[in-house]
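K.L.:
Pasting a structure below so you can have a look.
The values are calculated or read from the model by the stated rules, or taken from the named source; none is laboratory data. Keep in mind it's a predicted model, so treat the numbers as computed, not measured. Heads up, the Cβs are rebuilt from the backbone with ideal geometry, glycines too, and the neighbour counts pull from every protein chain shown.
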Amino acid sequence: MILVKNYKSETNEIASFLIEEANYKDIVLQSKIVLENLKLDFPMTNGFSLNDLWQAKQELLRSFNFSLANVENPHYSNLGCYSLLDDSWKLHKRLNGVYVQGILVKKEIISPGLKLKINSSRLTLAKNYLLSKTKLSKWIQLSINDNYQLIRKL
């Protein structure tokens with residue numbers, strides 16, 4: 001476990017995070033299996049059409065397959081930017097930034113930040129809804145360069 005204290009986000013929220021170290025590909029594989037076995041039917045639609053959910057599921061599975069096949073997703077905006085140091089730490093090569101990543105176990109907000117209005121498409125909202133059924137929805141990445149944080153491995 002990694003504890004990050006007093007992390008200041010881009011929206012000026014200050015929070016502490018407890019992060020479980022995990023291998024990203026293992027989490028993607030677990031999430032893919034959950035999504036493949038997820039039945040799209042009316043009790044679980046959450047206001048989305050079955051067509052929206054089916055399209056969202058196909059796009060998520062395609063993205064998961066890119067990750068699992070060691071193929072860079074051509075739609076990924078940070079293509080080739082990162083070097084993994086280990087499962088929980090990576091380096092952004094162009095910015096020389098260090099990031100910690102893993103599964104979010106707990107978040108404690110110390111000071112709320114700005115609330116941004118986000119105008120997501122129905123397809124993006126459907127993807128987020130389906131993703132919320134998987135462990136990948138808890139995946140978090142924090143830049144640890146920009147401000148002081150106490151980071152402790154537990």
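K.L.:
With the checklist (1) within 18 Å of the chain's Cα centre (by Cα); (2) at pLDDT 80 or above in hand, flag the one item residue 114 doesn't pass.
P.N.:
(1)
K.L.:
Here are 40, 35, 60: which of them is assigned to a loop (DSSP other than H, G, I, E, B) and either under 27 Å from residue 123 (Cα atoms) or over 17 Å from the mean Cα position of the chain (by Cα) (or both)?
P.N.:
Among 40, 35, 60, only 40 is assigned to a loop (DSSP other than H, G, I, E, B) and either under 27 Å from residue 123 (Cα atoms) or over 17 Å from the mean Cα position of the chain (by Cα) (or both).
K.L.:
Search segment 127-144 for residues that are modelled with pLDDT of 95 or more and among the polar types (S, T, N, Q) and pair each with any residue that is crowded, with 17+ Cβ neighbours inside 10 Å and assigned to a helix (DSSP H, G or I) when their beta-carbon atoms are under 6 Å apart and the residues are at least 6 apart or on different chains.
P.N.:
134/31; 137/131
K.L.:
Take segment 24-43 and flag every residue that is surrounded by 13 or more Cβ atoms within 10 Å (Cβ to Cβ) and either closer than 19 Å to residue 67 by Cβ or of a type in the set (Lys, Arg) (or both).
P.N.:
24, 25, 27, 28, 29, 30, 31, 32, 34, 35, 38, listed by residue number.
K.L.:
Would you please list the contacts, defined by Cβ atoms under 7 Å and residues six or more apart or on different chains, that run from a residue in segment 49-74 that is at pLDDT below 90 and buried (at least 16 other Cβ atoms within 10 Å of the Cβ) to a residue that is part of a helix (DSSP H, G or I) and not β-branched (Val, Ile, Thr)?
P.N.:
Matching pairs, first to second residue: 67/25.
K.L.:
Kindly establish whether residue 17 is at pLDDT 90 or above, hydrophobic (A, V, I, L, M, F, W, C) and buried (at least 16 other Cβ atoms within 10 Å of the Cβ).
P.N.:
For residue 17, the condition - at pLDDT 90 or above, hydrophobic (A, V, I, L, M, F, W, C) and buried (at least 16 other Cβ atoms within 10 Å of the Cβ) - is met.
K.L.:
Follow-up. Is it the case that residue 114 is under 18 Å from residue 7 (Cα atoms), loosely packed, with under 11 Cβ neighbours inside 10 Å and aliphatic (A, V, I, L, M)?
P.N.:
Judged against the criteria, residue 114 is a match.
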